[in-house]
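The values are calculated or read from the model by the stated rules, or taken from the named source; none is laboratory data. Since the model is a prediction, treat every value here as computed from it, not as a measurement. SASA here: full protein model, heavy atoms, side chains in, ligands and nucleic acids out. Shrake-Rupley method; radii C 1.70, N 1.55, O 1.52, S 1.80 Å.
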Amino acid sequence: MSNAGTPNTPQTPSRKVYNPIFKELKRSLCNAMFIGSFVGEGLPLKPVPYPEEPSGERVAVHDLSAYHQRRCWDMPMCFCGLLTGKDHPARFHVPKSLQSPNYGRPSIMCSTSSCSYWVDLEKFILANPNMPRCIYPLRDGLRLTAKQLLGSPDPDGEDPYPCETPRKNGQ
């Protein structure tokens, strides 16, 4: 019996039920000490190093969307590729519903809400302080502006912070 029309009865938000094919991937994502990206059926998740600033500080979760806009930090792939065979980049999301258990918490989730890919970034950072981190290069349209403002220590004009090797704890 539904109590949807009964006054003063609190409504419990329901969670979407996903295809059970995603269960093992979700378990791997939850147990990973890195942000994981789907690469293919039967393959382990690929680590996506968490962004850090040139100063060595980890990018604050509330600043990740802006960081993604100015730096070449690609979003991880969600699990939808398991069904479609194509890459599906995840997206940033900050739940706005007061009923959401993740209200106001920046997250990375499936861009179509079709699979169980979801990372609560605040919880993830607290649980994984030694995760791989990286300074990502500026996007092409921003390089000239940054060089004009900061100067370039490289005489060839290359980005002074390429991401060749993920760094741990700002090392």
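Probe radius 1.4 Å, ligands and nucleic acids left out: which of Val59, Val39 has the largest accessible area, and how do the rest follow?
From most exposed to least exposed: Val39, Val59.
In what sequence, largest accessible area first, do Met77, Met131 appear using a 1.4 Å probe?
From most accessible down to least: Met77, Met131.
Taking amide H positions as placed in the peptide plane 1.01 Å from N, state which residues far from Arg71 in sequence (5 or more) or on other chains have amide H under 5 Å from it.
Residues meeting the amide H criterion: Arg139.
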